[in-house]
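Throughout, read-outs are computed from the coordinates displayed, never taken from laboratory work. Fair warning: this is a prediction, and the values are worked out from it, not measured in the lab. Note that each Cβ is placed from the backbone with ideal geometry, even for glycine, and that neighbours are counted across all protein chains shown.
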Amino acid sequence: MPSKKTASNLLENRTILVTGASDGIGRAAAKCYAAQGATVILLGRSAEKLESVYDEIINNGGATPAIVALDLSTATPEDYSALAETLEGEFGQLDGLLLNAGILGERKPLAQYSATVWQQVMQVNLTAPFLMTKALMPLLEQAANASVIFTSSGVGRKGKAYWGAYSASKFGIEGIAQIWADELANVSNIRVNVINPGATRTNMRASAYPAENPDQNPTPEEVMALYLYLMSDESLSVHGQSMDANHFER
Ligand code: NDP
């Protein structure tokens, strides 16, 4: 009889890549997945910051993670192909992909929005997740039931003044996720879903709302239930959904 998964081994023998694993929500997700038995590939632009997450995971008794230092604002399709090749050699398959890295850009009216910042935000928040998912799709196909999670925002569903490229990029994310979900439905075991974390106590939130008391928002650790649910086999039938992490309960 197969052993029942317990609360601390939901992701045993899984290899999961987390982008933006160096800080905020991505850092919490990487630690959460490692605590559930996964081997986590920590991707971010600062090797030094990733090394501190690596150390925390090891100190907590997690499987040895991998570190990938890659700046998503300049990464090319060739960089993503090289990443896929490395991961194939190292792990053979990919069970999970959390596309979490993001930048805020400017909080300004569109009429004053910088063209350069617009392109940077689109590159990191929209183009990079697309190129990475495309390059890693063959590795995700190798897994029995891979889970891909995109990261949106409340302003990815309803446009709001002064959210500029960030809002537009998150609308794009909702769209890309729907397209992948539709294309993969019935022809693949890969499931694709979107998380809107909701207001969460991170550096990005503090930059967006400098006057706000950060204590009124949950910590990244406190919004992990949905991140874990969508990555684990508990969500095998969930596909093409856009869900909110705040107040998520199974
Ligand atoms: P943080 O700013 O705390 O963390 C962002 C992460 O993305 C960091 O690890 C950062 O790396 C990484 N990153 C940024 N730019 C690049 C780049 N060019 N290349 C590689 N990695 C990069 O943000 P949050 O944790 O708050 O946000 C995580 C996700 O959740 C984002 O997609 C955000 O849009 C979304 N979100 C967050 C909300 C919130 O209230 N916090 C609400 C709604 C959505 P580094 O450490 O080097 O800066």
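If neighbour count is taken as other Cβ atoms inside 10 Å, put 229, 33 in order from fewest to most. Kindly include the intermediate steps, with their values, before the conclusion.
Details: 229 21, 33 32.
In increasing order of surrounding Cβ atoms, one gets 229, 33.
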Grab the eigenvalues of the alpha-carbon gyration tensor for region 151-250, scale each by 5, take roots, and send me the semi-axes largest first in whole angstrom. 26, 18, 8
Normalising by the residue count of the chain, find the relative contact order in percent from Cα pairs under 8 Å and 6+ residues apart. 18
Nonlocal amide H pairs with residue 17, under 5 Å, H built at 1.01 Å: 41, 96, 97, 98
I'd like the orientation of helix 164-184 relative to the chain: the angle between its Cα long axis and the longest Cα principal axis, in ° from 0 to 90, rounded to 10. 30
Cα-based Lys proximity count in the chain, under 30 Å, for pairs eight or more positions apart or on separate chains: 16
If the label point is 7 Å along Cα→Cβ of residue 93, which residues in region 201-232 have backbone nitrogen under 19 Å from it? 230-232
Arranged by the count of other C-beta atoms within 10 angstrom, fewest first, what order do 68, 187 take? 187, 68
Once you have the Cα-Cα distance between residue 188 and residue 203, take 0.36 nm times their residue separation minus that, and quote the gain in nm to one decimal. 1.7 nm
Amide hydrogen neighbours beyond the local backbone of residue 67, cut-off 5 Å, H modeled: 42
Taking every pair of Cα atoms in the chain, average 1/r, invert it to obtain the Kirkwood radius, and report Rg/Rh to two decimals. 0.95
Two-site label geometry, residue 73 and residue 60: point separation in nm, points 7 Å out along Cα→Cβ: 2.9
Ranked 249, 90, criterion: other C-beta atoms within 10 Å, fewest first: 249, 90
What whole-number distance in Å separates the alpha-carbon centres of region 10-82 and region 170-216? 18
Nearest 10 degrees is fine. How inclined is helix 24-35 to the longest principal axis of the chain, computing both from alpha carbons? 10
Which far-off residues, 5 or more places away or on another chain, put their amide H under 5 Å from the one on residue 219, with H placed in the peptide plane? 201
What number, rounded to the nearest 500 deg cm²/dmol, is the helix-based mean residue ellipticity at 222 nm of the chain, given -39500 (n - 2.57) per DSSP H run of at least four residues and division by all its residues? -12000 deg cm²/dmol
With everything on Cα atoms, drop me the angle between helix 47-59 and the longest principal axis of the chain, reported from 0 to 90° to the nearest 10. 40
